[in-house]
Structures are given as structure tokens and as C-alpha cells.
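Written below as C-alpha cells is the structure these notes are about.
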Amino acid sequence: MQYYENPVIPGFHPDPSVCRVGSDYYLVTSSFQYFPGVPVFHSRDLVNWQQIGHCLTRKSQLDLGGCASSMGIFAPTLRFHQGRFYMITTNTHSFRNFYVWSEAPEGPWSEPVWLDWPGIDPSLFFDEDNRVYLTGNGGFRGDEPRGIYQAELDIETGKLLTERRFIWSGTGGKAPEAPHLYRIQGMYYLLIAEGGTEYGHMVTVARSASPYGPFQSCPSNPILTHRSLEHPIQATGHADLVQHEDGSWWAVFLGIRPAPVPFGGQHHYLGRETFLSPVTWSEDGWPVIGDQGTAGERMELRSLRPGKRRPWNGLESFDSRGLPPEWSFLRNPAEGSWSLEARPGWLSLTGLAATLDDVSSPAFAGRRQQHFNCRVSAFLSFDPQQEGEEAGLTVYMNERYHYEIAVRLLDGRRQVILRRRAGALWKVEQEAVYEGTEIILTVQAEPALYTFGFCPPEEETVAMGTGECSLLSTEVAGGFTGVHFGLYATGNGKRSAASADFGWFKYEVLA
Ligand code: 6LW
């Protein structure tokens, strides 16, 4: 038997939504306070996904100025209809729902079409009779019940064509959300998530002969959940279905992989990740996800024929064509804070007053941590001019939970520092005088510990200390995101005179 490995998209990639166009599959995930927003992935086999861009690449589409961490872009839905891709989502920073469209999934995508529609997790369904349904979660207005609401939409203008109607409350779990409507074999299936996006998460389904119900709940709900199971994958929920070209059905959904912590308990810091599972149909026409509602780290390929997996390892050398698609800024990047042209072949970051401790746009560019065991290194050329100027490599969950290995100017001398921040606790753990202007900064990640170091070019690594992974976890830091490795610069209160130039960035997966 042949297998594929879950998660199919590791690291902070929650709320997956998928669609198929011929033999090509496209998938989007949530991005919160990171910019550009809504990563877009492509696959030919459902197992190997490659990021090809983002839907929201302009401030006119995504304004995150002052956006709190874990707010911003919540769950998107991706659909294809008559030559156009549509991506609908909520910017919870302004609390508005909107969609963008494009003929090419790599973009560019249209300006937002704003909706008069409350709640989160909007979804689109294009019916065979050309009606378009907007389905989303609600229950935040007045005393309206929590659950799933729906209306018909004019997809050209974004105007609602009907009243917004309550269609299902789910099976009684908290936070009924993440709806998707499908028409399968003449019936309307409504797939939702319940239980909240934590350890009680689950997927439930109901069906009706009419798109507005009444919906009959599946007798074997929930059709996916790992709640109260001893299982390496937890919090499974928020699914979307797709039919393979060969007729087989598959679900993408989110889950987490908690890492054991030394004194017991579980912590997850890689974020909510994207998983894949086969879907079979019961004799009475209900979908069954995975093995009677559970999914594994290794699952049988069945009819899938995956190509070769593109290695996750990467050496990024920077060129003027733009940052690689896996890279993001924290909120909209501040003008003049980054450049790929100032020093060709380098990523130049100019420190601003803002630091990594601020809900702001510090000079920052990073990529997700996607593996428990990996090693990251970055080559930095930096000659700080003013007291407090600093640049380096951060392991970043949010402004209150992050670790840095960095170079800064203190009392007129260049030093390498290891700093840890976990909530109100904050400490520069190590300081070492450093004469050179070029340095390689390193972080080695293991499931329980990050180990920080530096080396002058061509020399041995000097260890600077460690930081516990669990202190950056969602269980400690809160929120909906996962850890990023970020290159950053800051003037610690004022704009820096010197730019911090990064020559390369390496991400190596370790066994
Ligand atoms: C999202 C909701 C959820 O909009 O978490 O897991 C919220 N599900 O559906 C943020 O990702």
C-alpha cells in the first residue's frame, strides 16, 4: 500500500478552502495580520502543494494598519465559476466581508467587492441554475441565534438579492461556523465546523432538497473530530470538500500537532495546519471523512498519484523580482522599511521606531516554521550607527511572545544578543561583543527547544542559549496564528541610520 503524509501543508495554514479546475487544484488559507494576505497554493495531486502567490497584495485590498495580532483575515473560501476564481473572506480588523476575483489564481486579483453581510467565514456556492448563494456564520447581531445564515447574491455587484435567512444551528456544539454549501446527487449538503477551533473542534453535516433547508442533520455527526482522543493530530475541523477528476472525494481541513512538553501537557506552536483526508459515502448518502471521522499522519493514497514532493528546504538569495511567495510582512509594510533594490542581491531592512513588541509594522519579513526539527540561518551585513540600532533573526508568535538573536549597538559597541520575551517577562539573556559587520545568525529548532547561535563567516558557530518552544505556543500566547522565523531591524524608538542587509536565508529540515 502507498501512503501520503499529513499535514499536506505544514505550519500556520488554517481554514483551508479548495477548488478544482480540470486537473488543477487550488487552495487558500487564512493570514490574519500578515501581508500579503491569503496565500494561494496549487497542486496536481492534492498531496503536494506549491504556493503560487497571494490574493490580497495591495493596501486597497487589505488594510491592516494597527490590526491586533490574530485579527485581520479570517477564513477564506475559494471557488471557480465560468472562468473566474472568487475568494471571499472577512477582514476582522475593519469587520467587513468582501470578495475579490481573478481569471488567474496567481493574480493579480480584483479590488474588493464589499458586502452588506455580518459575521465571519463567508462562503460562495454557484448553483446549476446560476443562482449564487452567500453562506456565512452569524449570531453576533442583537439577539439573533448563533448559526449559519444565507442569502442569494448578485456576483457582479455584490448586492444581496434576497433576505438573509437563518438556515442551521448545527448539532449543539459551540461556535457553529465555517459553512460550505454543495449540491451533490441532487441534494444540498451543508458542511460546517462546531466546537470552536480548539481541542473540541469538529465537522458536522446536514442536507436538504432545498438550498435553504430545512436541513436534516447527519445521524453520524460529527463526521470528523479528534476531541478527547489520544492522537498526534488534534483540533481537526473547518473542512472543505473537493471531487477529484477520477470521481473520488477528498476533504481538506485544519488540525494541530501539539508537541509534548517536559512536565506533561500539550502545546502547539506551528499553528493550525492543512490536512487531507479521503471522503467516502455511506449507503444512505452521507459523507464519511477519513477512518470513520479520524485522520492520520500517514494515509492511504487510494487513487491519488502524487508527483515528487518539492523539498521544503530552501536557500533564499534575494533578488529584485520580489520576495519568495512564502514570505510575509507584519501588517502592511511601512514605506521605506524594506528594499530588494537598495543593494542588489540583498534584502535591506531599515529599522523604524517600531519594535517587535509593538502592534505596528516593524521592519520585518519572515516565513512560517513548518517543521518541528529544522535549522534556520541568515547572513547579515550590518554596521549600526546610532545607539539602540538592532537587526537580526526572530522566532515570532506575536508582539508579546518572541525570541531574537540579533546585533545591536550599545554604549558605542556592537554586540550579539539573545533576547527572550514571554508575556510580561522579558530578558536579554546573553550579550557578546562582536567586532565584525558580517555575521551568520542561526536558530536550531527541536520539538521542545530553540537553540540560538551566531558565527562570523567561515568560522564555527558560537552557542548563545535556548528558548522553550512551549512559551510561544497558542496555549500560552493565545491567538490563531503560528510561529514565523523573521528577519527584522529596529531603531528601538527612532528610525535607524544604517540599513541591515540580509544576503541569504536558509531553511533546512532536519531528520
Ligand atoms: C475562523 C473560524 C475558525 O474564522 O477560526 O477554525 C477562525 N475556525 O472558522 C479563525 O481562523
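For GluC sites (Glu not before Pro), the sites in segment 346-447 that DSSP calls loop and that have at most 14 other Cβ atoms within 10 Å are 387, 435. Residue by residue, segment 153-158 carries 3J(HN,Hα) couplings of 10, 8, 5, 6, 10, x Hz when phi is fed to the Karplus relation 6.51 cos²θ - 1.76 cosθ + 1.60 (θ = phi - 60°); x denotes Gly or Pro.
Taking one quarter of the surface of the C-alpha convex hull of segment 91-213 gives a mean projected area of 8.9 nm². The Cα atoms of segment 314-509 define a convex hull whose projected area, averaged across directions, is 10.1 nm².
Between segment 278-332 and segment 375-397, the alpha-carbon centres lie 32 Å apart. Helical runs assigned H by DSSP (4 residues or longer) give the chain a calculated mean residue ellipticity at 222 nm of 0 deg cm²/dmol, each run adding -39500 (n - 2.57) before division by the residue total. Here the translational diffusion coefficient of segment 410-453 follows from Stokes-Einstein with Rh set to the Kirkwood radius across Cα pairs; for 4 °C and 1.567 mPa s it amounts to 106 µm²/s. Highest mean packing comes first when the peptides 54-63, 248-257 are listed by Cβ atoms within 10 Å, giving 248-257, 54-63. Computed with a 1.4 Å probe on the full set of protein chains, the accessible area for residue 5 sits at about 120 Å². Here the relative contact order of segment 314-509, from alpha carbon pairs under 8 Å that lie six or more residues apart, stands at 33 percent.
Scoring 99-106, 265-272 by mean Cβ neighbours within 10 Å over their residues and listing the highest first yields 265-272, 99-106. By the gyration tensor of its Cα atoms, with a ≥ b ≥ c the square roots of the eigenvalues, what is the shape of segment 3-300: rounded for a/c under 1.5, prolate for a/b over b/c, or oblate? Since a/c stays below 1.5, the shape of segment 3-300 is classed as rounded.
Which of the three applies to segment 1-133, rounded, prolate or oblate, going by the alpha-carbon gyration tensor with a ≥ b ≥ c and a/c under 1.5 meaning rounded? Verdict is oblate for segment 1-133.
Only protein heavy atoms count here; on that basis, with a 1.4 Å probe, residue 346 has an accessible area of about 40 Å². Other residues within the sphere of radius under 11 Å centred on the Cβ of residue 303, judged by their own Cβ, net out at -2 (K and R +1, D and E -1). Taken over the C-alpha atoms, segment 45-86 has Rg and Dmax values of 13.8, 39 angstrom.
For the chain, the relative contact order comes to 14 percent (Cα pairs under 8 Å, sequence separation of at least 6). Among the listed pairs 427/506; 427/494; 59/506; 59/308; 174/506, a Cα-Cα separation exceeding 32 Å is found for 59/308; 174/506. When the inverse distances between all different Cα atoms of segment 439-500 are averaged and flipped, the Kirkwood radius reads 14.1 angstrom. Kirkwood analysis of the Cα pair distances in segment 261-319 returns a hydrodynamic radius of 15.8 Å.
To the nearest 10, the accessible area of residue 400 is 100 Å² with a 1.4 Å probe. Near the amide H of residue 497, within less than 5 Å, lie the amide hydrogens of 385, 386, all on another chain or at least 5 residues away, with H placed in the peptide plane. One way to sum up the overall shape of the chain is the equivalent ellipsoid from its Cα gyration tensor, whose semi-axes run 41, 24, 20 Å, largest first. The distance between label points at residue 312 and residue 504 comes to 2.1 nm (points 7 Å beyond Cα on the Cα→Cβ vector). Overall, the anisotropy analysis places segment 90-136 in the oblate class: the square-rooted eigenvalues a ≥ b ≥ c of its C-alpha gyration tensor yield a/c not less than 1.5, with a/b not exceeding b/c. Relative to the 2.2 N^0.38 Å rule of thumb, segment 249-388 has a C-alpha radius of gyration ratio of 1.49. Each peptide among 198-206, 351-359, 110-118 gets the average number of other Cβ atoms lying within 10 Å of its residues, and from highest to lowest they stand as 198-206, 351-359, 110-118.
The values are calculated or read from the model by the stated rules, or taken from the named source; none is laboratory data. Just so you know, these numbers come straight off a predicted model, no measurement behind them. Cβ: placed from backbone, ideal geometry, glycine included. Neighbour counts: every protein chain shown. The area values use the complete protein model at the heavy-atom level, side chains included, leaving out ligands, DNA and RNA. Shrake-Rupley method; radii C 1.70, N 1.55, O 1.52, S 1.80 Å.
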